[in-house]
Structure formats: structure tokens, C-alpha cells
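Asker: Before I ask anything, let me first share the structure, which is written out below as C-alpha cells.
The values are calculated or read from the model by the stated rules, or taken from the named source; none is laboratory data. All of these numbers come straight from a predicted model, not from anything done at the bench. When we count neighbours, we look across all protein chains shown, and the Cβ atoms used for this are built from the backbone with ideal geometry, even at glycine.
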């Protein structure tokens, strides 16, 4: 097996570089970085949106402080499935 590496220099003068093995392209690496970035944003939005939907749209709690109890019960119910 040959030791051909594709190197991506992210900072000037090679201060931070990534060596990838043969067969992995730059687009593969950038795609996984994009997927990780969007997944983190989506999960953060879901945690915020759950509270907002319960309080503002469905009226389960009168205050945002009470929403934690309902979200905990919702998580327990889903966990029992």
C-alpha cells in the first residue's frame, strides 16, 4: 500500500494541516465538516423549539419556568416506548 496523502493546509505556512489517506478527497472532508456543523445547529434549535412550542403554541405551561417539568415528562414517556 502506498503512503500517498492528500494534505489540506488550513492556516498559512502549514501550521494546521490535515493529512488524509488515499481515496479520501477534499470534498469528503468538507462534507463531513458541513454535516457536523448543521447537525449541531439543528439539535440546538430543537432543544429551544420544544420549550417554545409547549409554552407559546400549545399552552401547556403559563411560564417558561414550568416548561421543564413537561419536557421531562415528555422525555420519560418517549423513553418508555
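Asker: Check residue 62 against each of (1) surrounded by 10 or more Cβ atoms within 10 Å (Cβ to Cβ); (2) at pLDDT below 75; (3) in a loop (DSSP other than H, G, I, E, B) and name the one condition it does not meet.
Answerer: Every condition holds for residue 62 apart from (1).
Asker: Please tell me if residue 54 is exposed (fewer than 12 other Cβ atoms within 10 Å of the Cβ) and either under 30 Å from residue 8 (Cβ atoms) or in contact with a helix residue (DSSP H, G or I) (Cβ under 8 Å, 6 or more places away or on another chain) (or both).
Answerer: no
Asker: Restricting attention to segment 9-27, does a residue exist that is in a loop (DSSP other than H, G, I, E, B) and closer than 30 Å to residue 74 by Cα?
Answerer: So far as segment 9-27 goes, no, none of its residues is in a loop (DSSP other than H, G, I, E, B) and closer than 30 Å to residue 74 by Cα.
Asker: Does residue 31 satisfy the criteria of being at pLDDT 75 or above and within 30 Å of residue 72 (Cβ to Cβ)?
Answerer: no
Asker: Which one of the conditions (1) at pLDDT below 85; (2) more than 30 Å from residue 74 (Cβ to Cβ) does residue 51 fail to meet, given that it meets all the rest?
Answerer: Exception for residue 51: condition (2).
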